[in-house]
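Student: One structure follows; several queries about it will come next.
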Amino acid sequence: MHPLLLALRAALAAAPVASSAPPDPWHAWLLVALARQVERQRWLMRVRHERLDTDTFEGEVPGMPGWTFLFHGDGLCLTAPDGEAIDVDDHGDGGLTIDPYFFARRILSLPRPALPERRLRAFLPTADAMVAAIRELTEEGLLIPGAHGHVFRVARELEADAEALAAIDLSDAALRARWAEHLGDHELLARERPSAAAEARAAAQREAYRRYLLARIADRATARAFLDPLEAVLTPAELVDACAGLIDAAVDATAGHAIERLEAHPDYPVCPAVSRLLARADPAQHHPYAVHAAARYLLRRGIERERAVEVALAFARVRVVKGYRGNPFLGELALLLLEHAPQHALAALRRALRSSTPVVQKDVAAALAALGQPWCLRELLLALDEARTFGASAAVRAALSWMGSDEARAAVARWTQTHVLRATRGPGHGQEEVLEANAGQSLAAEIDERQPWADAVRPGIDPDFDRVVWA
């Protein structure tokens with residue numbers, strides 16, 4: 001039997017702590033949390049079969065005040081009054097199959113996690129980190145991959161112990177200490193039984209955890225997932241150096257994420273690798289995500305402004321990014337130009353409002369609604385006037401409706417009276433129908449997210465920005 005399983009069973013049985021090296025606590029607590037997830041999913045399946053009518057799409061769970069349900073395809077999501085979200089696809093095994101992203105979502109949704117989940121979140125604080133560590137447990141044979149997709153089951157021995165692991169009550173200090181010993185969590189043990197020797201072991205564990213994370217970011221396949229937890233254990237200079245290595249290696253999503261982590265710390269030393277990335281970025285070859293992050297990083301620090309604007313413009317001019325039907329970052333690039341180089345922004349903003357990529361139109365429509373200046377209304381009205389289909393105007397109409405002026409409401413009413421929503425024949429709904437149904441709610445959420453940005457940049461934008469003649 002795998003040493004990690006032996007450690008868990010010994011902890012359950014209150015057996016003596018093994019004399020061999022303890023497991024890594026981040027993997028150990030993850031395995032405990034996965035076993036507890038099995039029992040939670042079994043409970044959800046019982047609720048599904050005993051309380052819910054599958055002909056009803058969503059609503060409140062009968063007999064469970066405050067609980068709501070939502071069916072999606074073969075899946076069911078139950079949401080607790082406190083926010084816990086339990087999401088399970090029905091694989092015909094009573095809830096034994098786990099989706100790693102559903103698992104991570106539930107762990108992160110817990111408002112008051114129990115000790116196993118709390119320790120897991122301390123070591124692996126993001127969904128990406130949890131999912132990457134789940135792959136490591138799969139490679140160790142502790143998890144059994146599903147026949148299709150990324151789902152899995154825990155080892156049979158662990159399924160047998162799932163109920164017992166779900167029932168453990170670690171409110172007792174002595175019990176917490178025993179579990180900490182068995183699972184090699186010396187940092188937790190030092191809190192429960194403080195001593196110089198315990199603190200020395202805790203310090204050794206912290207260093208082992210640091211080495212573990214550094215090894216993961218050295219591998220491009222796992223670097224992005226483990227950068228966030230690493231951030232908490234490095235000094236500012238160490239984080240800049242670690243991110244520089246990732247940024248210099250490639251113009252890709254990992255580099256973009258590394259730049260975003262640096263941008264979250266404006267007081268940290270400037271990372272020269274960000275400028276180097278812009279120097280080698282090729283609009284015909286590279287995805288704009290990392291380039292947008294790099295340009296924003298430099299512009300918000302007032303560094304190499306001309307180069308940052310030049311590269312942002314070049315990537316905003318790309319009509320179709322490789323692998324997409326359009327340019328998914330046109331909206332973000334246009335808004336970045338509006339914030340830092342408004343004389344170059346208007347053409348990009350207009351193209352974004354007319355984009356066939358829904359997220360691009362939504363990005364800019366929401367930002368203009370949040371800004372709420374006269375020129376924003378004029379640009380949205382122009383875009384609506386040129387739109388020919390409901391799908392091509394969904395976010396624009398939602399933004400105008402949200403702004404709520406008489407002129408905006410009248411324009412939307414006129415447009416909807418003179419255009420026809422294309423209905424899908426047969427079962428299901430087409431993309432245009434889905435966009436139409438969700439446009440208002442989706443746009444409102446986006447406006448809320450954009451509002452702090454809008455409030456910050458509004459004083460620097462001319463209310464008649466669209467009519468300014470730039471020198």
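The values are calculated or read from the model by the stated rules, or taken from the named source; none is laboratory data. Note that the structure is predicted; figures quoted are calculated from it, not measured. All Cβ positions, glycine included, derive from the backbone under ideal geometry; neighbour counts span all protein chains shown. Ligands, DNA and RNA are stripped out before the accessible areas are found, and what is left, the full protein with its side chains, is counted by its heavy atoms. Shrake-Rupley method; radii C 1.70, N 1.55, O 1.52, S 1.80 Å.
Student: Condition first: over 27 Å from residue 74 (Cα atoms), surrounded by fewer than 19 Cβ atoms within 10 Å (Cβ to Cβ) and either free of Cβ contacts under 8 Å to residues at least 24 places away in the same chain or out of contact with any helix residue (DSSP H, G or I) (no Cβ under 9 Å at 6 or more places or on another chain) (or both). Can you find one or more residues in segment 142-159 that meet it?
Tutor: no
Student: Next question. Which ones in segment 197-218 are farther than 25 Å from residue 235 by Cα and either buried (at least 19 other Cβ atoms within 10 Å of the Cβ) or modelled with pLDDT of 95 or more (or both)? Write out each step before concluding.
Tutor: So in segment 197-218, the residues farther than 25 Å from residue 235 by Cα come out as 197.
Residues satisfying the conditions do not exist here.
Student: Among (1) farther than 30 Å from residue 178 by Cα; (2) open to solvent by 10 Å² or more (accessible area, probe 1.4 Å), where does residue 36 come up short?
Tutor: (1)
Student: Scan segment 38-58 and report the pairs whose first residue is of a type outside the set (Ser, Thr, Tyr) and whose second residue is open to solvent by 60 Å² or more (accessible area, probe 1.4 Å), with Cβ atoms within less than 7 Å and a gap of 6+ or a chain change.
Tutor: Partner pairs satisfying both residue conditions: 39/163; 51/62; 51/63; 58/70.
Student: Would you check which residues across segment 283-313 are in contact with a Phe, Trp or Tyr (Cβ under 6 Å, 6 or more places away or on another chain) and assigned to a loop (DSSP other than H, G, I, E, B) and list them?
Tutor: 283
Student: Still on this structure: For segment 355-374, enumerate the residues that are under 14 Å from residue 398 (Cα atoms), open to solvent by 10 Å² or more (accessible area, probe 1.4 Å) and without any contact (Cβ under 8 Å) to a residue 60 or more places away in the chain.
Tutor: 359
Student: Do we find that residue 177 is in a helix (DSSP H, G or I), open to solvent by 40 Å² or more (accessible area, probe 1.4 Å) and either under 25 Å from residue 215 (Cβ atoms) or among the hydrophobic types (A, V, I, L, M, F, W, C) (or both) in this structure? Walk me through how you get there before you give the answer.
Tutor: Values: in a helix (DSSP H, G or I): yes; open to solvent by 40 Å² or more (accessible area, probe 1.4 Å): no; either under 25 Å from residue 215 (Cβ atoms) or among the hydrophobic types (A, V, I, L, M, F, W, C) (or both): yes.
No; evaluated as a whole, the condition is false for this residue.
Student: Examine segment 152-165 for a residue that is over 30 Å from residue 95 (Cβ atoms), modelled with pLDDT under 95 and among the small types (Gly, Ala, Ser), and state whether such a residue exists.
Tutor: Step one: list which residues in segment 152-165 are over 30 Å from residue 95 (Cβ atoms), which gives none.
No, segment 152-165 has no match at all.
Student: While we're here: Go through segment 219-238 and give me each residue that's within 25 Å of residue 282 (Cα to Cα) and open to solvent by 30 Å² or more (accessible area, probe 1.4 Å). If you could, list the steps in order and put the result at the bottom.
Tutor: Residues of segment 219-238 within 25 Å of residue 282 (Cα to Cα): 219-224.
Listed by number, the residues that qualify are 219, 220, 221, 222, 224.
Student: Answer yes or no: is there a residue in segment 441-454 that is assigned to a helix (DSSP H, G or I), closer than 21 Å to residue 468 by Cβ and of a type in the set (A, V, I, L, M).
Tutor: Checked segment 441-454: at least one residue is assigned to a helix (DSSP H, G or I), closer than 21 Å to residue 468 by Cβ and of a type in the set (A, V, I, L, M).
Student: Only one residue in 352, 366, 345 is more than 30 Å from residue 240 (Cβ to Cβ), in contact with a Lys or Arg (Cβ under 6 Å, 6 or more places away or on another chain) and not aromatic (Phe, Trp, Tyr). Which one? Reasoning before the result, please.
Tutor: On the way: 352 fails: in contact with a Lys or Arg (Cβ under 6 Å, 6 or more places away or on another chain); 345 fails: in contact with a Lys or Arg (Cβ under 6 Å, 6 or more places away or on another chain).
So the residue among 352, 366, 345 that is more than 30 Å from residue 240 (Cβ to Cβ), in contact with a Lys or Arg (Cβ under 6 Å, 6 or more places away or on another chain) and not aromatic (Phe, Trp, Tyr) is 366.
Student: OK, next. On the basis of being touching a Ser or Thr at 6+ places or on another chain (Cβ under 6 Å) and open to solvent by 10 Å² or more (accessible area, probe 1.4 Å), does residue 412 make the cut?
Tutor: On the way: touching a Ser or Thr at 6+ places or on another chain (Cβ under 6 Å): yes; open to solvent by 10 Å² or more (accessible area, probe 1.4 Å): yes.
Answer is yes for this residue.
Student: Would it be correct to say that residue 270 is aliphatic (A, V, I, L, M) and either part of a helix (DSSP H, G or I) or under 21 Å from residue 128 (Cβ atoms) (or both)? Give the derivation first.
Tutor: Details: aliphatic (A, V, I, L, M): yes; either part of a helix (DSSP H, G or I) or under 21 Å from residue 128 (Cβ atoms) (or both): no.
For residue 270, the condition - aliphatic (A, V, I, L, M) and either part of a helix (DSSP H, G or I) or under 21 Å from residue 128 (Cβ atoms) (or both) - is not met.
Student: Only residues that are assigned to a loop (DSSP other than H, G, I, E, B) and not β-branched (Val, Ile, Thr): list them for segment 344-373, please. Give the steps one after another, and end with the answer.
Tutor: Of all residues in segment 344-373, those assigned to a loop (DSSP other than H, G, I, E, B) come to 345, 354-357, 372-373.
Once the filter is applied, which keeps residues that are assigned to a loop (DSSP other than H, G, I, E, B) and not β-branched (Val, Ile, Thr), segment 344-373 yields 345, 354, 355, 356, 372, 373.
Student: Moving on. Within segment 431-471, take every residue that is exposed (fewer than 13 other Cβ atoms within 10 Å of the Cβ) and at pLDDT below 90 and give me the one that is farthest from residue 402 (Cα to Cα).
Tutor: The qualifying residue farthest from residue 402 (Cα to Cα) is 471.
Student: Would you mind telling me which numbered condition in (1) in contact (Cβ under 8 Å) with a residue 12 or more places away in the chain; (2) over 22 Å from residue 377 (Cβ atoms); (3) assigned to a helix (DSSP H, G or I) residue 339 fails?
Tutor: Condition not satisfied by residue 339: (2).
Student: Continuing with the same structure: Suppose we filter 252, 241 for residues that are open to solvent by 10 Å² or more (accessible area, probe 1.4 Å) and under 21 Å from the mean Cα position of the chain (by Cα); which single one remains?
Tutor: Details: 241 fails: under 21 Å from the mean Cα position of the chain (by Cα).
After ruling out the rest, the residue left standing is 252.
Student: Hey, among 97, 56, 68, which residue is of a type in the set (Val, Ile, Thr) and open to solvent by less than 30 Å² (accessible area, probe 1.4 Å)?
Tutor: On the way: 56 fails: open to solvent by less than 30 Å² (accessible area, probe 1.4 Å); 68 fails: open to solvent by less than 30 Å² (accessible area, probe 1.4 Å).
So the residue among 97, 56, 68 that is of a type in the set (Val, Ile, Thr) and open to solvent by less than 30 Å² (accessible area, probe 1.4 Å) is 97.
Student: Would you pick out the residues in segment 182-224 that are small (Gly, Ala, Ser), in contact (Cβ under 8 Å) with a residue 60 or more places away in the chain and outside any helix (DSSP H, G or I)? Break it down stepwise before answering.
Tutor: As a first pass, look at segment 182-224 and keep what is small (Gly, Ala, Ser): 184, 190, 195-198, 200, 202-204, 208, 215, 218, 221, 223.
Adding the requirement that they be in contact (Cβ under 8 Å) with a residue 60 or more places away in the chain leaves 184, 208.
The answer is 184, and nothing else.
Student: Working only within segment 71-88, note down all residues that are surrounded by 18 or more Cβ atoms within 10 Å (Cβ to Cβ) and within 16 Å of residue 151 (Cα to Cα).
Tutor: 76, 86, 87, 88 - these are the residues of segment 71-88 that are surrounded by 18 or more Cβ atoms within 10 Å (Cβ to Cβ) and within 16 Å of residue 151 (Cα to Cα).
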